[in-house]
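*Asks:* Let me begin by handing over the structure; questions about it come next.
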Amino acid sequence: ASGKTRIVLEVDDPKPWTPGSPYLYSLQTKMFDENDNELQNITQPAAFFELRVRDSEFYLNGKPYFLRGQNGFPHCNVPHDRPYISAYVRKVKQQGVEISRFHTEPPCHAWLDECDRQGIMVIFEMPLHGSIGCYAYGNPVFAENTLEEICALIKEYRRHPSIALWSLGNEMIVASER
C-alpha cells in the first residue's frame with residue numbers, strides 16, 4: 001500500500017569501527033525493473049560502532065574512551081581535491097587526533113569519506129552555526145526552515161560512519177549573555 005518495505009541486514013560477529021582500527025564494510029544496493037534490467041547500483045561504506053555518553057564520560061563500543069580532538073578541518077569556502085584532503089587528514093591522524101568537527105558550512109563528501117577511511121570521528125555541526133543573537137528563534141517561519149534544513153542535512157550526510165555526533169549549533173552559550 002505505502003510502497004515501503006523494511007529490510008533488516010545482520011552481520012555475524014561484526015568488526016567494530018574505531019579510530020585505531022577503522023574497519024569499513026561495503027554495502028551494495030541494486031534496483032532492477034520487472035525485466036531484470038539493472039536500474040541503479042549504489043555502493044556505500046558502512047561501519048559498526050557505538051558512541052555513548054554516560055555521566056559526562058564517553059564510551060566507545062562499551063568501553064570508557066577519552067576523545068582526543070581538534071577544532072575543525074579547513075573545509076570552508078576553499079575547494080580541495082582528494083589528494084590534498086587525504087594528506088591533510090593523514091597528518092591530523094598522525095598527531096593523534098581521533099575526533100574533529102565540521103563547522104560553519106557542511107563539508108563536501110570527500111572530507112567525510114576520508115574521515116571514514118582513516119578513522120577520524122566527526123562532530124557534524126547543524127544549521128545553527130553562530131551566536132543565538134543571530135537568529136529569530138521566536139519566528140515560526142525560522143523554526144520551520146531550520147527543521148527542514150536539519151532533516152535535509154541528516155538525509156544527505158547520514159551514510160558516513162565517521163559521524164559520531166550531530167551538533168545542533170555552535171556558540172549557543174552566547175544566549176545566556178544577552
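The values are calculated or read from the model by the stated rules, or taken from the named source; none is laboratory data. As the structure is a computational prediction, the values presented were derived from the model and not from experiment. Note that we place each Cβ from the backbone using ideal geometry, even for glycine, and neighbour counts take in every protein chain shown. What goes into the accessible areas is simple: the full protein's heavy atoms, side chains included, and nothing from ligands, DNA or RNA. Shrake-Rupley method; radii C 1.70, N 1.55, O 1.52, S 1.80 Å.
*Asks:* Looking at (1) open to solvent by less than 80 Å² (accessible area, probe 1.4 Å); (2) among the polar types (S, T, N, Q); (3) without any contact (Cβ under 8 Å) to a residue 12 or more places away in the chain, can you tell me which one Gln70 breaks?
*Replies:* The single condition Gln70 does not satisfy is (3).
*Asks:* Looking for whichever is closer than 19 Å to Tyr157 by Cα and not hydroxyl-bearing (Ser, Thr, Tyr) here; the options are Glu38, Glu50, Glu34, Glu10. Which one fits?
*Replies:* Glu50
*Asks:* Mind checking which residues of region 1-20 are surrounded by 10 or more Cβ atoms within 10 Å (Cβ to Cβ) and touching a residue at least 60 places away in the same chain (Cβ under 8 Å)? Lay out the reasoning, then the answer.
*Replies:* The first filter runs over region 1-20 and keeps only residues surrounded by 10 or more Cβ atoms within 10 Å (Cβ to Cβ), leaving 14-19.
Answer for region 1-20, where residues must be surrounded by 10 or more Cβ atoms within 10 Å (Cβ to Cβ) and touching a residue at least 60 places away in the same chain (Cβ under 8 Å): Trp17, Thr18, Pro19.
*Asks:* If only one of Tyr84, Tyr25, Tyr88 is of a type in the set (Phe, Trp, Tyr) and either under 17 Å from Ile163 (Cα atoms) or touching a Ser or Thr at 6+ places or on another chain (Cβ under 6 Å) (or both), which one is it? Quick ask: steps written out before the conclusion?
*Replies:* On the way: Tyr84 fails: either under 17 Å from Ile163 (Cα atoms) or touching a Ser or Thr at 6+ places or on another chain (Cβ under 6 Å) (or both); Tyr88 fails: either under 17 Å from Ile163 (Cα atoms) or touching a Ser or Thr at 6+ places or on another chain (Cβ under 6 Å) (or both).
Exactly one residue qualifies, and that residue is Tyr25.
*Asks:* Out of curiosity, is Phe49 at pLDDT 85 or above and surrounded by 15 or more Cβ atoms within 10 Å (Cβ to Cβ)?
*Replies:* Here the answer is yes, as Phe49 does meet what is asked.
*Asks:* Which strands (runs of 3 or more DSSP E) sit wholly inside region 1-102 and have at least 3 residues that are touching a His at 6+ places or on another chain (Cβ under 6 Å)? Step through it out loud before you land on a result.
*Replies:* Values: elements: 25-32, 38-46, 51-54, 57-60, 63-65, 99-102.
So the answer is none; nothing clears 3.
*Asks:* Follow-up question, since we're still on this one. In region 81-90, is there at least one residue being open to solvent by less than 60 Å² (accessible area, probe 1.4 Å) and in contact (Cβ under 8 Å) with a residue 40 or more places away in the chain? Spell out the reasoning first.
*Replies:* Filtering region 81-90 for residues open to solvent by less than 60 Å² (accessible area, probe 1.4 Å) gives 85-87, 89.
Among the residues that remain, those that are also in contact (Cβ under 8 Å) with a residue 40 or more places away in the chain are: none.
There is no residue in region 81-90 that is open to solvent by less than 60 Å² (accessible area, probe 1.4 Å) and in contact (Cβ under 8 Å) with a residue 40 or more places away in the chain.
*Asks:* Scan region 61-75 residue by residue and report those that are in contact with a Phe, Trp or Tyr (Cβ under 9 Å, 6 or more places away or on another chain) and either within 24 Å of His109 (Cβ to Cβ) or at pLDDT below 90 (or both).
*Replies:* Within region 61-75, Tyr65, Phe66, Leu67, Gly72, Phe73, Pro74, His75 qualify.
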